[in-house]
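Below you'll find the structure, written out as structure tokens, and then a few comments.
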């Protein structure tokens, strides 16, 4: 069993004891030895935190927590409406769930990291006297930058998603450059020189190439040789990591368009019977399942399709590109792959209540 809080592990990864000055919490990702990466858009920074969670988990126990948002609000001592869950991630050893949560709204909102055990017990992650390191995003848009991305200030989407791959923290989001959509590759420990690339994609329903809208969610695949990314309104795009040369503007291959008036919330991948699959949850459409083998054989989409610009009242637009399957899991807002055994989902019902559920990957 690995003790994540040892001085050796802190030294190996450049962590020092202290209290990280986190101003907001957003995307989460786990790295080596259970170190948790936390994106802070208000502070334009990324924190690496040793959460000290070294107990080996069972890996196969089901999770079912009714009215999880109400339970979380009760734990935090506030109303349900004052709780905003930004992201969730599974600890690679303990199988415990971690959530980034903002308590309150506006300038008064307080960032909180929450841990949920396999049995559903809620606790907060202390940020006092922890081993951590900090990476400052020096090319983030200024807080008063007037540019907007889907009605959001550019600074608020500095970090939209993260994933740790082979010693690098991949960070999607925006920069202060003219072509603001950006993918950063940050060596970890945070003692090397980071590299970034502006991104360009073809948006089928908009009928044009775009460089401003950021990746909203992404996931590594093909043995970490590529990433699959989803954008608002809703292209799915493949990027080969071999194309990411320093200073180069990288053009992705649009392989699907899932319909207009829609924002992707989360992407995960999982394997079943030798195949790899992608799950995409959205703020408007149902949960989509895509076979990665279909993505591998899909040519780039480069022709406009006006039929995708359907009315927001339509439940599902036809979509183009790789085929997709609709899964009977309503109201999915967040997902996490728990060590390949099952997928954890936050699901919102018609009354606005949010429930935490787990589904075996074999059933998806």
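Pull up the stretch 320-329, narrow it to residues that are in contact with a helix residue (DSSP H, G or I) (Cβ under 8 Å, 6 or more places away or on another chain) and part of a loop (DSSP other than H, G, I, E, B), then point me to the one that is farthest from residue 62 (Cα to Cα).
Of all residues in the stretch 320-329, those in contact with a helix residue (DSSP H, G or I) (Cβ under 8 Å, 6 or more places away or on another chain) come to 320, 322-323.
Then drop every residue that is not part of a loop (DSSP other than H, G, I, E, B), which leaves 322-323.
Values: 322: 32, 323: 30 Å.
Here the residue is 322.
Considering only residues of the stretch 199-219 that are under 19 Å from the mean Cα position of the chain (by Cα) and modelled with pLDDT of 95 or more, which is surrounded by the fewest Cβ atoms within 10 Å (Cβ to Cβ)?
219
Got a number for residues in the stretch 208-228 being under 15 Å from residue 295 (Cβ atoms), part of a strand (DSSP E or B) and free of Cβ contacts under 8 Å to residues at least 40 places away in the same chain?
Summing the residues that are under 15 Å from residue 295 (Cβ atoms), part of a strand (DSSP E or B) and free of Cβ contacts under 8 Å to residues at least 40 places away in the same chain in the stretch 208-228 gives 1.
Anything in the stretch 330-364 that is assigned to a loop (DSSP other than H, G, I, E, B) and within 19 Å of the chain's Cα centre (by Cα)? List them, or say none. Lay out the reasoning, then the answer.
Step one: filter the stretch 330-364 for residues assigned to a loop (DSSP other than H, G, I, E, B), giving 330-331, 339-341, 349-353, 364.
Scanning the stretch 330-364 gives 331, 339, 340.
The values are calculated or read from the model by the stated rules, or taken from the named source; none is laboratory data. None of the values given here were measured: they were computed from a predicted structure. Glycine also receives a Cβ, built like all others from the backbone with ideal geometry; neighbour counts cover every protein chain displayed.
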